[in-house]
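The structure appears right after this line, and notes come after that.
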Amino acid sequence: MKESWKAHGLDRPGEVFKGHFGTFPTHLSRAPGRVNLIGEHTDYNGLPVFPMALRKEVRILFRPRDDALVRVRNALAEFPPRDFELSHRIEPYPPGDWGNYLKAACQALAQRLGPLRGLDALVSSSVPVASGLSSSSALVIAMAQALLAANELHLPLLELAEEMARAERYTGTQGGGMDQAIALGARQGHASRIEFKPLRLFHTPIPKGWSFVVAHTLARAEKSGPVQAAYNERAQSCREALALVSLALGGRGEEATESLSYRDLLLRFPVADLLRLGEDALPPLLFRRFRHVVTEAARVYAAEEAMAQGDLFTFGILMDASHESLRNDYEVSSPELDRLVELAREGGAAGARLTGAGFGGCMVALAHSGRAERVVASLAKGYFQGKVAGKALDEVLFLAEAGPGAEVTVL
Ligand code: GLA
């Protein structure tokens, strides 16, 4: 079932649009947020992830213009109006400004496709902001799709996903390509293993009787804010670790080392051998980062297999192991995330882990559907009581349903 406009804070969206621009919108572009089930901090290392799209989404009501102006209003007052001119070099707003996600999509498409006509747009979202559920990439994808449709242009899905993953680096985050790929390529009722270079998606139906519970720490993890430096630092450490391990392999007489990728390493060596190699070649901190990355990639394949077999127990164990690795080796958890994970397990979850970049944001837990309510109750009582109640609670603690990918409709 489609979400109502109420979840977007808009009762009569067409009227609101008209209030801003003096005329009604002609199109709706929508792109979902996502919850990553397993495979965290692997995508920018060229290794797989396993997310599903949410039913929560960014919506852009728009109307093409005859000139190159882009005028954007947001249903949320915390995001002020943003107007700019399309060109192949668009000056960014100051770091952290929400308008940079819009500009990221627009500049990339203008560079690729030449002069474009602009649009008037009204943005709304039911994806909690800065929560690790990819509201920002959903905005980038929704904007890109809107601009393409306004110009009656089309790019193949995987090409657009790759283009937008690159485009989003305009905002300063050295992100991988998971969020853009799942926002565009998701299949309803499925989780998707995403491989990179080249980008591919493999869908697995989510078994009946499996429920994914998502809970927000209430701590914002702004990808364009303080988290950005920590995130980029992790990516840099992974590159250094890879270079050192490659060098060590060269020292052992193994051939052509410089261009080795993490995927090459995993294809050539069993994980246990890689870990021995890494321990010898790397200083302790880099070794822990390296250990997370290679073990997490292995967990993605194991989890996909467990889902295909309907093996909830194993999937849960893998989620737990992922969280431990993210907490101890990758150091991207927080006391709040650890607490949510603990409460989910106490409530009877088969497994639980932080999802997204970490440093705040959300936790995801897997439970047998018969137990999901107990997991939710454990979280509500142990974490949210006295902090959030009523309708607001449904926004930060919910059962995630695997939704479809992005689309544009003519109104
Ligand atoms: C953020 C990035 C993704 C991915 C995750 C961590 O959400 O946007 O590309 O790297 O962090 O898995």
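For region 333-411, the list of trypsin sites (Lys or Arg not before Pro) that fall in a loop by DSSP and count at most 16 other C-beta atoms within 10 angstrom reads Lys387. Here the 3J(HN,Hα) profile of region 54-71, calculated from phi with Karplus coefficients 6.51, -1.76 and 1.60 at θ = phi - 60°, is 8, 7, 7, 8, 8, 10, 10, 7, 8, 9, x, 10, 8, 10, 9, 7, 10, 10 Hz, Gly and Pro shown as x. Place a label point 7 angstrom from the Cα of Val410 along the Cα-to-Cβ direction, then list the residues of region 61-90 whose backbone nitrogen is under 18 Å away. Label zone hits: 61-66. When shorter helices are ignored and each DSSP H run of at least 4 residues is given -39500 (n - 2.57), the per-residue value for the chain at 222 nm works out to -13500 deg cm²/dmol.
The tail of the calculated P(r) for region 270-401 beyond 17 Å holds 62 percent of all Cα-Cα pairs. With equal scatterers on the alpha carbons only and no solvent term, can you work out the Debye log10 of I(q)/I(0) for region 243-347 at 0.18, 0.22 1/Å? So the normalised log intensities work out to -0.93, -1.15. The mean accessible area for residues of region 276-317, using a 1.4 Å probe and ignoring ligands and nucleic acids, is 45 Å² per residue. Principal-axis analysis of the Cα atoms of the chain puts helix 312-328 at an angle of about 90° to the longest axis.
Distant-in-sequence amide contacts of Ser134, defined by a placed amide H-H separation under 5 Å and a gap of 5 or more residues or a different chain, comprise Arg34.
Put simply, the amide H of Gly405, placed in the peptide plane, has neighbours under 5 Å in Ala186, Gln188, leaving out anything fewer than 5 places away on its chain.
Karplus-derived 3J(HN,Hα) values for region 147-160, using 6.51 cos²θ - 1.76 cosθ + 1.60 with θ = phi - 60°, are 5, 4, 5, 4, 9, 6, 10, 9, 10, x, 3, 5, 5, 5 Hz; glycine and proline are entered as x. Is any residue of region 358-377 close enough, with backbone N under 14 Å, to a label point placed 7 angstrom from the Cα of Glu233 along the Cα-Cβ axis, and if so, which? Zone members listed by number: 359. A simple spin-label model places pseudo-atoms 7 Å from Cα toward Cβ; at Ala68 and Arg12 they are separated by 3.8 nm. For Gly356, nonlocal amide neighbours, meaning residues 5 or more places apart or on other chains whose placed amide H falls under 5 Å from its own, are Asn36. Calculated from the alpha-carbon coordinates, the chain shows an Rg and a Dmax of 21.3, 70 Å respectively.
Inter-part distance, region 63-95 to region 318-394, computed on C-alpha centroids, equals 36 Å. For region 40-112, which trypsin sites (Lys or Arg not before Pro) are both in a DSSP coil and crowded by at most 12 other Cβ atoms within 10 Å? Answer in residue order: Arg89. Helix 227-251 and the long axis of the chain differ in direction by around 40°, with both axes built from C-alpha atoms.
The values are calculated or read from the model by the stated rules, or taken from the named source; none is laboratory data. Every value quoted in this text rests on a predicted model; they were computed, and no experiment measured them. All Cβ positions, glycine included, derive from the backbone under ideal geometry; neighbour counts span all protein chains shown. Accessible surface is based on the protein model in full, side chains and every heavy atom, while ligands, DNA and RNA are left aside. Shrake-Rupley method; radii C 1.70, N 1.55, O 1.52, S 1.80 Å.
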